Amino acid sequence: MGNKHYTKEEIIQSTPRTGFFGHPKGLSTLFLTEFWERFSYYGMKAILAYYIYYSVAKGGFGIDQGLALQIVSIYGALVYMSGVIGGWIADRITGTRHALFYGGILIMIGHILLSLPSNFTLLLVALLFLIIGTGLLKPNISSTVGLLYEKNDPRLDSAFTIFYMSINLGALLSPLLIGWLQVNVGFHAGFAVAAVGMFLGLVIYFLTNKKYLGLAGIEVPDPLNAEEKKKITKIVAICVVIIAIVCVILSLFGQLTLPNFANFISVLGVLLPIYYFVKITASKKTEDYERSRVYAYIPLFIAAVAFWMIQEQGSTVLAQFADTKTQLSMSKLTGGAIDFSIPAAWFQSLNPFFIILFAPLFSILWVKLGKFNPPTVYKFSIGVFLAGLSYIIMVVPLSSDASLINPFWLFASFLLVTLGELCISPIALSTTTKLAPKAFTAQMMSVWFLSNAMAQGLNAQMVKVYTSISSNDYFLYSGIIAIVIAVLLLVASPKIKTLMAGVK
């Protein structure tokens, strides 16, 4: 799949340098592909929890709400964990370009399976296709963006912000359309639209990637040799056998359950990042200055986990809150002036709506600030602080006697966490590219996505806490913990900037 080595200069010269808002034309290919992939992902995820816990009469499976939220958290964690494997496959076997295309095909198959009338087993199979496919596509499409630029190209932060817009355009539109279809037609119609979205993304990529991306992502950075291929084959075979034996034993003792699997994923979510940080820093392929940069990355990673734990609860805790504890009847909110009931899934569009609204302003702001542009570590601290605040404000309406709260409070909560996200997520994609050791380019991007995996793995336990204590206490204590982490990161910022070894 192309083991020839290309220099950075050859890769950059092979791509049209301008043509997309002052950026390489290849960014337009990746922008549109990511748009449709995220359209399918967020549209499906907006209704997934409801699909699992709604009664059979309403088209769902009638599963306990707490368990349903755990399943969604497990799915989210596995999606991002699989990015580690996807990054490794790109680095050692396929290159990023082939990996992301194959991933898109698997994602489309997963959505097609969801669109079919099914039983719970087929649902789990569909989610497995989506997990593997997203693991191949997600980290590698982001890494390919970085390959279009020199490492210190001043347009890089702007490029990732534009790319981030594609994610949020898809995430904005899909819950609106798919949420409406779920309410008015049924769950399977919504899942079918998600499948069509991924198909369109694949078509766009297939037609434009060779012309606009040139050599970017074709090269396999660290290809397996013959001995390594044999070793990997043996390891995979042994792992498959061990997993099969463990599953059989657990089944015999009645322990092969979703709650136990959730516990395993939570532990794995913590262990995987630790393993990869040790592997990358201990590797002989990592230079001393690169190792220092990875050490600087670790506290940013921890802060990101705290942020994502709150942000990702938008599709679990806040999704359930919107469905069961929020006044959705516009008739009651407007005194009968508007006869309309808000689909609960529509709240999932608030986060991307605010990103689309504010991302261009943030992109301009970072450039206009010039030498006063806050360092990366300050931006992370601000982001985590705003996430904590987004939960603390939920205490206000929950302190009243109202059984259903005004949608305004969810609106405000999503706004605050989104402003925090704009201080972290697009900046982190760029920072990960800059701090990544050369031998671990794609895998380092996978490590970034593990911050989300770890957060959602921990959320698989947090949703149990949410269903066992008062909502008031849950939001208050979660918010306070996030703010404490933000303050600690700020205190450690001088040391972190030193470890970055020249990276701004």
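I need the peptides 262-272, 91-101 ranked by packing, meaning the mean over residues of other C-beta atoms within 10 angstrom, with the highest value on top. Could you put the intermediate results ahead of the total?
Values: 262-272: 17.9, 91-101: 23.7.
My ranking of the peptides, most packed first, is 91-101, 262-272.
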* Centre separation in Å (Cα based) which lies between segment 300-344 and segment 158-216 -> 22 Å
* **Which of SER390, VAL72, LEU268, positive extreme of dipole for the chain (C-beta unit charges)** => LEU268
* Nearest-20 debye value, the chain charge dipole, Cβ charges on Lys, Arg, Asp, Glu -> 1120 debye
* At 15 Å minimum axial length over the Cα atoms and a Kyte-Doolittle cut of 1.0, report the qualifying DSSP H helices in the chain, or say none. => 65-89, 96-115, 120-147, 156-184, 187-213, 226-252, 258-282, 350-369, 376-392, 407-435, 471-491
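For Cα pairs less than 8 Å apart in space and 6+ apart in sequence, what is the mean separation divided by the residue count of the chain, i.e. the relative contact order in percent?
RCO, the chain: 25 percent.
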* **Ranking by accessible area, most exposed first, for CYS239, CYS423 with a 1.4 Å probe** => CYS239, CYS423
* Structure fact -> Descending accessible area (1.4 Å probe), largest on the left, turns PHE380, PHE362 into PHE362, PHE380
* To do: May I ask which residue of VAL447, ASN373, TYR149 lies farthest towards the positive end of the charge dipole of the chain, with charges of +1 (Lys, Arg) and -1 (Asp, Glu) on Cβ and the Cα centre as origin?
  => TYR149
* To do: Kindly flag which residue pairs out of LYS58/LYS464; LYS279/LYS495; LYS379/LYS438; LYS434/LYS497 have an alpha-carbon separation exceeding 19 Å in this structure.
  => LYS58/LYS464; LYS279/LYS495; LYS379/LYS438
* Structure fact -> Carbon and sulfur atoms account, in whole percent of the 1.4 Å probe accessible area of the chain, for 70 percent
* **Radius, Kirkwood style, for segment 340-482 when every pair of distinct Cα atoms is counted (Å)** => 17.2 Å
* What are the radius of gyration and Dmax of the chain, computed over its Cα atoms and given in Å? -> 22.2, 73
* Asked: At what distance in angstrom do the alpha carbon centres of segment 52-114 and segment 352-386 lie from each other?
  -> 30 Å
* To do: Sort 412-420, 184-192 for me by packing, meaning the mean count of neighbouring Cβ atoms within 10 Å per residue, highest on top.
  => 412-420, 184-192
* Structure fact -> Interchain or sequence-distant (5+) residues whose placed amide H lies within less than 5 Å of the amide H of THR326 are ILE405
* Asked: Considering only protein heavy atoms, what per residue accessible area in square angstrom results for the chain with a 1.4 angstrom probe?
  -> 42 Å²
* Structure fact -> For HIS23, the residues 5 or more places away or on another chain with a placed amide H closer than 5 Å to its own amide H are none
* To do: May I ask for the distance between the Cα centers of segment 138-157 and segment 220-259, given as a whole number of Å?
  => 33 Å
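The values are calculated or read from the model by the stated rules, or taken from the named source; none is laboratory data. Remember, it's a predicted structure, so these values are computed and weren't measured experimentally. Note: ideal-geometry Cβ built from the backbone for every residue, glycine included; neighbour counts use all protein chains shown. Surface accessibility is based on the protein's heavy atoms, side chains included, excluding ligands, DNA and RNA. Shrake-Rupley method; radii C 1.70, N 1.55, O 1.52, S 1.80 Å.
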